């Protein structure tokens, strides 16, 4: 085999590997919400599809999957008392299981959750607390998810539902700058995960936190 051909094969291999790595990163999708007219909450139910399966979830946590020839599988998201799902539901498929990322509301308090449902029967495999309201759109890389909420960023192991690392009270810590109320979808650049604040509240500002994605150490905080 000639030298030029070996070099060409190495280039093809490298580009193929880059494509595989890129394919391992994906963003949670946003479910479509049905507006609740004249209610104190925003939505009554959400719907989305994964492949040929259609899903519906009410704000009371009652869900169903419609697949095949109208085969229905029902499931429940555990809610307590008068707690309801409020805002947006984000969803993703992980190793054929279903991930749901959402915010609940009860008695003036908001909180977030990420849950993993078994693909075959939609029973709960694990549930993790997201520490705050204003739950943002999550990012998946390999077997981990990067999550956000008001003043909160974290990395969850999707196999166990356990946090690899997390940082809380960022909104309070940087409250003089009014930073880190809501976040955009996290971004990954090499070994760094970047959490940028949504600037709807702070037009023209660049608030972001850069974190080593393995150790969770905060590398840089920008409050421009």
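Residues that are touching a residue at least 12 places away in the same chain (Cβ under 8 Å), at positive phi and either in contact with a helix residue (DSSP H, G or I) (Cβ under 6 Å, 6 or more places away or on another chain) or surrounded by fewer than 20 Cβ atoms within 10 Å (Cβ to Cβ) (or both) are absent from segment 187-201 altogether. Evaluation of residue 60 against the conditions (1) at positive phi; (2) in contact with a strand residue (DSSP E or B) (Cβ under 7 Å, 6 or more places away or on another chain); (3) surrounded by fewer than 17 Cβ atoms within 10 Å (Cβ to Cβ) shows that the sole unmet condition is (1). Consider only pairs whose beta carbons are under 9 Å apart and that are at least six residues apart or on different chains; among these, list those whose first residue lies in segment 106-123 and is farther than 22 Å from residue 138 by Cα and not assigned by TED's automatic domain parsing to the domain that holds residue 159 and whose second residue is exposed (fewer than 14 other Cβ atoms within 10 Å of the Cβ) and at pLDDT below 95. Pairs found: 106/80; 106/81; 106/82; 107/81; 107/82; 120/96. The residue list 141, 103 contains one member that is touching a strand residue (DSSP E or B) at 6+ places or on another chain (Cβ under 7 Å) and surrounded by fewer than 18 Cβ atoms within 10 Å (Cβ to Cβ), which is 141.
The values are calculated or read from the model by the stated rules, or taken from the named source; none is laboratory data. Just so it is clear, the model here is predicted, and its values are computed rather than measured. Virtual Cβ from ideal backbone geometry, glycine too; neighbours counted across all protein chains shown.
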